[in-house]
1. Given the DSSP H assignment, sum -39500 (n - 2.57) over each helix run of at least 4 residues in the chain and divide by its residue total; what's the result at 222 nm in deg cm²/dmol, nearest 500?
2. Can you list the residues, at least 5 places off or on another chain, whose amide H is less than 5 Å from the amide H of I52, using H built in the peptide plane?
3. For the chain, what is the charge dipole size about the Cα centre, in debye to the nearest 20, if Lys and Arg each add +1 at the Cβ and Asp and Glu each add -1 at the Cβ?
4. Hey, which aspartates and glutamates would be in cross-link range of K44, C-alpha to C-alpha under 17 Å, not counting anything within fewer than 8 residues on its own chain?
5. Would you mind getting me the FRET efficiency between K73 and E19? Use the beta-carbon distance for r and R0 = 25 Å, nearest 0.05.
6. For the stretch 1-28 and the stretch 33-60, what is the centre-to-centre distance using only Cα atoms, to the nearest Å?
7. Sequence gap at least 6, Cα distance under 8 Å: using those rules, report the relative contact order of the chain to the nearest whole percent.
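Values quoted throughout were computed directly from the atomic coordinates according to the rules given, and no laboratory measurement underlies them. Quantities reported herein were computed from a predicted structural model and do not represent experimental measurements. All Cβ positions, glycine included, derive from the backbone under ideal geometry; neighbour counts span all protein chains shown.
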Amino acid sequence: MDINEKVLLLAILKKEENESLNDVVLKLENTGLFSLKEGKKLLKKLKNEQFIGDSFLTFKGDVMAKSVEQEFKI
């Protein structure tokens, strides 16, 4: 898993209740992490790998996002 995927998963874990997945991608795009096109492609990839459900993290995604959070804390 590359760094952009990890950051996106962590951002989804930390998103506000009223934010959509597209809002998260737009926030990260505004920081310059990736382009909107690349962000949507990463979102689709994470959905295909079953880290993300309709608008939330799956159990697998939640576990991975929490692992990423610990990795970044070190």
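1. Taken over the chain, the calculation gives -21000 deg cm²/dmol.
2. Residues meeting the criterion, in which the H sits 1.01 Å from N, are K47, T58.
3. Roughly 200 debye, rounded to the nearest 20.
4. List returned: D2, E5, D23, E29, D54, D62.
5. Efficiency, from the Cβ-Cβ distance: 0.65.
6. Computed from Cα coordinates, the inter-centre distance equals 8 Å.
7. 36 percent.
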